[in-house]
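The values are calculated or read from the model by the stated rules, or taken from the named source; none is laboratory data. Keep in mind that what you see is a predicted model, and the values were worked out from it rather than measured. Here the Cβ positions follow ideal geometry from the backbone for every residue, glycine too, while neighbour counts run over all protein chains shown. The accessibility values were calculated without ligands, DNA or RNA, using every heavy atom of the protein model including side chains. Shrake-Rupley method; radii C 1.70, N 1.55, O 1.52, S 1.80 Å.
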Amino acid sequence: MNGYPELTRPAWFRYTMAVVLCGVALLLTNLFWPLFQYMPQMLCFLAVCACGYYWGGGPSLLCLVLSTIALYYYFLLPQRSLSVADTASLIRLGGFLAVGLTGSVAFQSLWATRRRQAELVAQADAARQAAERTTKEIAELLETRREVERNLYRLAAIVESSEDTIIAIDLEGRILEWNPGAERLLGYRPEEVLGKTISILMPPEHRGDMNVILDQIRRGERIEHFESVRMKKSGERFPVSLSVSPIKDAAGQVVGAAKIARDITERKKSEAERERLYREAQEAARAREDFLSMAGHELRTPLTTLQFQFHTLGRRLAAGQADKAVELLERSRGQLDRLVRLTEELLDVTRITSGRLDLEREETDLSGVTREAAERFRDAAQRAGCELRIEAPPGVRGTWDKSRLDQVVTNLLSNAVKFGKGKPIEIRVEPDTAWARISVRDQGIGMSQEDLSKVFDRFERAVSRRSYGGMGLGLWITRQIVEAHGGKIEVESEPGRGSMFRVDLPLDPLPRGVAG
Amino acid sequence: MKVLVVDDDYAVLDAIKDVLEDEGYEVTLAANGLEALKELRRGAPPCLILLDLMMPVMNGWEFRREQLEDTALAGIPTILITAHTRADENTTELKASGFLRKPAQPNALLETVGRYCS
């Protein structure tokens with residue numbers, strides 16, 4: 001409606017204004033009557049024109065009719081009367097009416113043109129605004145599309161470069177997408193698997209996974225860290241952790257699933273390794289606890305004996321029985337020796353585990369060492385009912401640590417007496433050109449094959465803890481000493497038939513790497 | 001008043017024997033549960049058995065089972081004399097009269113024996 005604000009005026013306003021303007025024209029005509037007496041319709045004519053121009057043909061016509069009636073009534077002679085005026089006045093009034101009518105029609109036409117023009121302008125305006133809106137919408141759509149494309153490229157780049165295996169499937173389990181991560185892990189090229197069902201990746205015993213996963217996806221549920229086993233193109237199986245999310249279309253319907261699979265072989269390995277270390281640590285802690293308990297037990301026994309012996313010793317001395325006291329002191333010395341041996345064994349564990357088992361090699365007679373050790377065991381063997389049979393030819397000499405060798409023979413004899421069930425024990429020393437062998441055979445309780453495998457391990461024993469004491473260190477220390485000399489120790493045994501321990505020692509130190 | 005001492009360690013057996021004999025008790029020795037059962041079934045019952053637990057041939061647990069199954073022997077008071085760390089649990093488990101933990105004091109030994117053999 002630009003330029004024609006009056007077109008927007010309501011009809012009642014325009015017609016009221018026509019009445020007012022008509023009134024104003026008549027009033028002015030009356031006020032300045034001397035001026036307008038020869039042409040009283042002049043101001044009314046201007047009012048009709050003004051009404052037509054500003055408010056249209058209707059108000060102009062109304063103004064014309066009112067003006068004509070008022071002029072006829074007020075100003076034509078005879079004034080203030082509806083009786084017929086003189087002819088000249090009637091002609092003037094008729095002229096006024098005719099010109100006014102023509103003007104009103106002309107103004108009506110002008111207004112119609114104006115209205116049409118305004119409508120066209122409005123239409124053009126609306127069209128322009130619609131075009132502007134459309135242009136803006138198109139720009140927005142283009143921007144949205146560019147954003148979508150940017151996101152798609154970004155997502156595609158992420159999928160392409162991901163180390164993880166990313167696979168898209170439809171609701172029938174057919175493979176729709178296959179990223180390079182999938183190709184790397186599973187060995188199939190995209191063209192080999194696209195369109196095939198995902199079950200080709202599942203070992204037969206895990207084929208049931210597909211229905212479990214698809215059922216959950218159809219319900220729109222996400223699957224997090226589902227652990228299973230998958231199969232590569234090569235047939236190799238590996239543990240996998242799967243996360244599967246439903247893919248929905250624009251209407252929110254589930255149309256497929258996106259799977260992210262991760263090879264968890266390393267994780268499983270490290271879990272197994274952690275578990276193994278944990279078990280070993282627990283086992284070691286248990287063994288240490290058992291060992292401390294056994295060590296305490298072993299130390300308490302000679303201490304008990306000493307306590308009782310000192311009690312008796314006091315009474316013997318008080319009674320003046322010196323000879324009996326001396327005999328008792330000798331026996332007490334035996335218990336002290338036992339305590340020293342136990343302490344030495346404990347220290348040997350520390351020396352060996354810290355690699356400080358130093359040998360003091362010297363020219364040593366193996367037969368001599370064996371006979372001396374056997375002599376020390378004569379009493380114990382006798383009480384256990386075991387006869388000691390020694391076969392040790394003189395002159396079996398080598399470069400060995402004499403005290404450590406004595407420890408080896410002592411440990412073997414101690415075991416033979418302990419487990420010998422009162423039967424004879426054979427001790428044999430055999431010379432060879434470069435080696436010497438000492439063997440100790442008993443006919444006692446023997447050991448099973450399973451026990452044999454761990455008899456030389458630390459803190460291990462092949463017998464029930466309830467039946468036999470000892471710290472479980474003797475044979476372990478023995479093996480360490482023998483191996484430190486470059487020798488080897490072996491055992492043959494059978495339950496109920498006895499055991500034979502065989503130690504082979506090189507006469508001279510071996511070059512490094514030949515031992516064992 | 002006879003006391004039966006059962007232990008696989010001869011030094012312990014001899015030491016206890018000396019202490020008890022000095023106080024006028026008669027002492028018999030056994031190196032394991034089997035020997036102890038033989039000894040019990042052979043002569044007059046002792047007033048007390050001093051029993052070690054960890055022994056070869058027949059250990060203390062096996063001996064107690066045999067003893068308790070034999071009505072003639074089941075009533076003989078038995079005191080465990082052991083270096084075992086769970087001597088109190090063993091006493092309950094084996095339905096023993098009490099325990100002396102190694103290394104035991106001679107006075108504690110005499111006091112215990114005196115309680116059953118006076």
TODO: Pick out the one residue from B:Arg101, B:Arg115, B:Arg86 that is farther than 20 Å from B:Asn32 by Cβ and more than 14 Å from every other protein chain (Cβ to nearest Cβ).
DONE: B:Arg115
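Yes or no, residue by residue, for (1) exposed (fewer than 12 other Cβ atoms within 10 Å of the Cβ); (2) assigned to a helix (DSSP H, G or I):
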| position | (1), (2) |
| --- | --- |
| A:Tyr153 | yes, yes |
| A:Glu160 | yes, yes |
| A:Ile175 | no, no |
| A:Glu183 | no, yes |
| A:Gly195 | yes, no |
| A:Ser199 | no, yes |
| A:Asp209 | no, yes |
| A:Ile213 | no, yes |
| A:Val229 | no, no |
Task: Given (1) out of contact with any Phe, Trp or Tyr (no Cβ under 7 Å at 6 or more places or on another chain); (2) open to solvent by less than 10 Å² (accessible area, probe 1.4 Å); (3) facing chain A (nearest Cβ under 9 Å), index of the condition B:Leu4 fails - done: (3)
Task: Pair list, Cβ < 9 Å and 6+ apart or interchain, from region A:290-301 residues that are more than 9 Å from chain B (Cβ to nearest Cβ) to residues that are assigned to a helix (DSSP H, G or I) and surrounded by fewer than 20 Cβ atoms within 10 Å (Cβ to Cβ) - done: A:Phe291/A:Val349; A:Ala295/A:Leu342; A:Ala295/A:Glu345; A:Ala295/A:Leu346
TODO: Output the number of residues of region A:323-342 satisfying the condition of being in contact with a helix residue (DSSP H, G or I) (Cβ under 8 Å, 6 or more places away or on another chain) and either surrounded by fewer than 12 Cβ atoms within 10 Å (Cβ to Cβ) or aliphatic (A, V, I, L, M) (or both).
DONE: 6
- [ ] Being surrounded by fewer than 19 Cβ atoms within 10 Å (Cβ to Cβ) and touching a helix residue (DSSP H, G or I) at 6+ places or on another chain (Cβ under 9 Å) is the filter; apply it to region A:471-489 and report the residue that is modelled with the lowest pLDDT.
- [x] A:Ala484
- [ ] Filter region B:76-100 for residues that are more than 21 Å from B:Glu23 (Cβ to Cβ) and outside any helix (DSSP H, G or I) and give the result.
- [x] B:Thr82, B:Ala83, B:His84, B:Thr85, B:Arg86, B:Leu94, B:Lys95, B:Ala96
TODO: Might you let me know whether region A:264-285 holds any residue that is in contact with a Lys or Arg (Cβ under 8 Å, 6 or more places away or on another chain) and not in a loop (DSSP other than H, G, I, E, B)?
DONE: no
TODO: Select from region A:495-506 the residues that are out of contact with any helix residue (DSSP H, G or I) (no Cβ under 9 Å at 6 or more places or on another chain) and open to solvent by 30 Å² or more (accessible area, probe 1.4 Å) and write down the one among them that is modelled with the highest pLDDT.
DONE: A:Arg502
TODO: Would you point out which residue out of A:Trp12, A:Trp55, A:Trp33 is closer than 21 Å to A:Gln117 by Cβ and hydrophobic (A, V, I, L, M, F, W, C)?
DONE: A:Trp55
Open item on the list: So for region A:31-51 (the condition being of a type in the set (Gly, Ala, Ser) and at pLDDT 85 or above), does at least one residue qualify?
Closed with: yes
- [ ] Return yes when A:Cys22 is in contact with a Phe, Trp or Tyr (Cβ under 9 Å, 6 or more places away or on another chain) and assigned to a helix (DSSP H, G or I) and no when it is not.
- [x] no
Task: helices (runs of 4 or more DSSP H) (entirely within region A:30-117) containing at least 3 residues that are in contact (Cβ under 8 Å) with a residue 12 or more places away in the chain and under 22 Å from A:Val20 (Cβ atoms) - done: A:41-55, A:57-70
Task: Residue satisfying all of: in region B:46-75; in contact with a helix residue (DSSP H, G or I) (Cβ under 7 Å, 6 or more places away or on another chain) and over 24 Å from A:Thr305 (Cβ atoms); nearest to the other protein chains (Cβ to nearest Cβ) among these - done: B:Glu62
Task: From A:Leu66, A:Leu71, A:Leu7, residue being open to solvent by less than 70 Å² (accessible area, probe 1.4 Å) and at pLDDT 90 or above - done: A:Leu66
